[in-house]
1. Given points 7 Å out from each Cα along the Cα-Cβ axis, report the A:H60 to A:Q272 separation in nanometres with one decimal.
2. Between A:T386 and A:Y41, what length comes free when the chain is fully extended (0.36 nm per residue of separation minus the Cα-Cα distance, one decimal in nm)?
3. Hey, got the dipole for chain B? About the Cα centre, +1 on K and R Cβ, -1 on D and E Cβ, debye to the nearest 20?
4. How about segment B:200-263: which GluC sites (Glu not before Pro) there lie in a loop by DSSP and see at most 15 other Cβ atoms within 10 Å?
5. Per 10 Å bin, what percent of the C-alpha pairs of segment B:274-369 does each bin hold, from zero upward?
6. Measuring from centroid to centroid over Cα atoms, what is the spacing of segment B:61-123 and segment A:9-88 in Å?
7. Mind checking which aspartates and glutamates have their C-alpha under 15 Å from A:K265, skipping anything on the same chain fewer than 8 residues away?
8. Using the Cα centre of the protein assembly as shown as the reference point, and only Cβ charges (+1 on K/R, -1 on D/E), how large is the resulting charge dipole? Debye, rounded to the nearest 20.
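Every number in this text was worked out from the coordinates using simple rules, so none of it is lab data. What you see is a predicted model; the values in this text were computed from it and never measured. Backbone-built Cβ (ideal geometry, glycine too); neighbour counts: all protein chains shown.
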Amino acid sequence: MPELSKYIYLDHAAATPVSDAVVRAMLPYFTQDFFNPSAPYRPARQVRAAYEAAKDRLAHTIGAKGVDLIMTAGATESINLAFTARRSRALVSSIEHAAVLSAASAGDHLLVKVKPSGVICLDDLRNKLSDEVDFVSISLANNELGTIQPLAEISRILREVRQDRLARGVTTPLTFHTDASQALSLIDINVARLGVDLLTLNAAKCGGPKGIGALYVSHHVQLQPITLGGGQERGLRSGTENVPAAIGFAAAAEHAKSHSASHRKHCQTMSQILRQAIGGIKIPAPNRNPEPYTSIIAHNTEKVNTEIISPRFLGDLKHQLSSFIPVCFPGIDAERLVYRLANRGILVSTGAACAANKGSKSHVLAAIGLSDSEIAGSLRLSLGSTNTVEQIHQAAQILREEVEHEYARIRGAQHQKLPLSRNSSRPTGSERSDQAACNDRPARAGSGKTAVSDVASSNSGNIYV
Amino acid sequence: MSKVFLGMSGGVDSSVSAVLLKNQGYDVTGVYMKNWSEDLPGMKCPWADDLADAKSVAVQLDLDFEVWDFEAAYKQQVVDYMLAEFKKGRTPNPDVMCNERIKFKLFYDQAMARGADYIATGHYARVGTQNDATCKTLLRAVDENKDQTYFLYRMSDLATQHTLFPVGDMLKPEVKAFAAEHALDVATKKESMGVCFVGEVGMQDFLRTYIDLRPGEIRVAETGAVVGFHEGAVFYTLGQRHGLHLGGGLPYYVVGKDLDANIVYVSRDLNHPALWADTLDLEDLHLRDGRTPEDLTQIRDLKVRLRHRAPLVGVATSCPKKSIATSNQWSESRNEMVTLRFDQPIKRPAPGQSAVLYAGEICLGGGIIA
């Protein structure tokens with residue numbers, strides 16, 4: 001993979017590279033086999049056949065048939081299409097992807113709580129499954145924590161509810177959708193075994209191209225098209241088929257499926273190394289009374305805590321994709337780490353890529369009970385096919401250095417910094433006397449907070465370099 | 001070590017300012033002022049990218065970095081002011097208000113409350129003492145082509161004492177070269193647009209979302225003949241030539257608006273008296289360093305700038321006058337006005353724009369064109 005070699009890429013949950021083999025499989029459908037699959041002549045019908053075959057191959061990776069799949073322009077569209085099955089009320093977990101939460105918010109919906117591990121609270125689900133509920137959407141694996149939800153158990157509960165409704169003569173259907181975008185390369189997905197009626201897939205997270213997704217639709221589910229036109233994809237998703245992307249999706253999914261066991265093992269090995277290294281980083285314990293979340297970036301001016309702890313891994317390893325390492329460094333601003341690591345060739349993120357750079361805090365981490373400053377200190381590392389064990393050792397070392405650097409910086413701020421070196425030019429004397437002459441500004445309202453600076457200056461220099 | 005809060009916009013000027021301040025030994029905290037984040041029709045608000053750029057530079061320099069949210073205040077004190085002015089048929093300058101009300105007021109106050117010795121921004125302007133004065137005053141930038149004092153003339157004298165403009169004595173090409181030398185990611189970033197949140201092209205679309213439009217006639221000033229129709233008189237600015245959609249031939253210029261009758265008047269006569277002025281009345285005066293309108297009459301070689309980057313124009317005389325009724329809710333300034341007289345007629349700037357006065361390098365303040 002060109003270019004990638006200069007980076008250690010630890011953000012596979014955001015996007016995955018498309019392999020040469022997948023690109024090769026797609027290429028002919030841009031050039032010689034470009035025909036519209038709906039055209040009647042033979043070359044076009046061959047394209048149609050290749051497209052249908054690709055759908056079949058893709059469907060087989062989740063134990064379904066090609067005709068059960070509606071191809072879309074990505075997971076977000078699949079999710080929005082899935083939500084057209086909701087007629088009255090939807091139940092979704094509080095840690096769903098923004099696409100699910102937004103689609104749910106367009107109508108009546110309730111959020112189902114999760115436990116601190118990120119695993120859905122089944123009691124809360126049961127309690128909220130009133131007769132109005134006709135749609136449930138729970139992701140297979142969460143995109144920030146990697147938490148794997150007990151879908152088979154959930155669908156058993158839903159089956160009981162359906163039975164109970166029938167017994168009481170209630171005819172409201174109950175449709176179960178799952179967003180499996182993150183899971184395809186690591187979990188053996190089988191729609192029958194999971195017991196889902198609708199399942200969203202995303203090519204871009206399993207080595208396929210961006211801009212294509214699929215929605216598995218079980219026969220009895222009634223959806224409404226959100227894109228009207230020529231009636232492709234059973235009328236549910238009009239528009240000329242994206243043939244090359246579908247071919248690429250199928251090739252990537254098949255590869256992911258056939259390599260999932262070894263991939264899982266590879267990720268586990270690397271994850272163990274990285275987790276051990278991160279666990280070995282010694283960091284100061286967070287303050288007992290952290291400052292309220294005043295600005296987007298929490299700043300820390302409390303007294304230095306001398307207690308030493310280890311970084312905190314988020315989620316529960318027993319219910320987590322082996323590629324995910326969400327970790328919290330309380331007290332520091334993880335976004336700074338993202339930039340510092342990027343400067344050293346390591347690409348990571350603080351959470352969902354769509355939310356991370358907007359300054360909004362993660363609803364997922366809030367839902368599992370993290371405080372604002374813990375959320376600000378959380379990093380999402382996600383491993384994948386581009387990584388080697390050697391890279392992971394390297395990344396672990398650099399991560400440790402940068403984390404220690406950031407904690408040292410905060411400690412420095414708490415001690416009030418003194419000039420970095422004697423030689424560095426400093427504000428000139430004339431400026432200072434001007435300031436004295438025009439000393440007409442109001443007293444510092446924050447002077448109570450900067451008490452540490454008095455301590456530092458009374459020590460008259462050279463404590464902190 | 002002096003503590004500085006530096007406004008970082010993610011642009012090259014404030015990024016270079018960060019390097020300079022750090023090298024000069026200041027204890028620098030970078031602050032991204034979040035003033036506006038909404039996308040508008042035809043325009044994606046770049047705030048998230050700008051924030052990422054600003055933070056990336058701050059982290060690269062190992063500076064503390066914070067985001068200060070001024071969106072509510074900005075909406076109230078800049079955008080609402082702007083909309084109110086447009087509704088009155090005037091052409092306001094939101095950048096001037098943003099500097100007065102947000103950057104050199106809210107940002108300044110908050111920084112001082114946090115124990116700052118100085119605030120700093122990446123503006124092209126200078127602060128310094130003149131003629132043995134003890135207090136610092138606002139001075140034009142060394143780079144005459146980039147001088148931004150036109151936008152800064154309303155910053156308070158108080159804030160001026162505690163403000164640093166690190167790039168004010170550099171030329172723009174030097175700033176760019178400095179950024180490249182220091183491997184700042186933003187070295188090649190495109191210059192931001194004039195108005196903080198909406199480019200000149202976007203202003204019509206912006207107004208459209210906030211102001212109820214009343215279509216009306218476009219008439220020729222001299223004859224009263226209807227030559228076209230407009231979507232709303234607020235869109236038209238005195239002297240405007242483009243975007244009138246009045247067909248071919250010689251261009252028309254906007255020479256007046258009758259907001260009550262909702263008529264825009266145009267003329268093909270470039271010498272139409274409405275387009276030229278030999279006097280200008282300034283209201284909402286903001287004179288710097290304690291000057292009064294009377295003081296201005298004492299200044300020889302008084303010059304005025306009527307647009308950002310426009311050349312300085314000599315003022316023949318300035319004459320203080322009491323305003324009759326300038327009850328502008330947006331300004332705390334005294335009810336004083338000044339009339340500027342020119343030797344040669346000048347192209348008349350649109351009411352609502354700023355006129356900024358200078359004596360040599362010193363920015364004396366200015367006012368809003370009545």
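1. 3.4
2. Separation in residues times 0.36 nm, less the Cα-Cα distance, equals 120.0 nm.
3. 640
4. Here the GluC sites (Glu not before Pro) that fit, given the DSSP loop and packing criteria, are B:E200, B:E222, B:E231.
5. Taking all Cα pairs of segment B:274-369, the binned fractions are 16, 54, 28, 1 percent.
6. Using only Cα atoms to place each centre, the spacing works out to 50 Å.
7. Within the straight-line cut-off, A:K265 pairs with A:D188.
8. That gives the protein assembly as shown a dipole magnitude of about 1280 debye.
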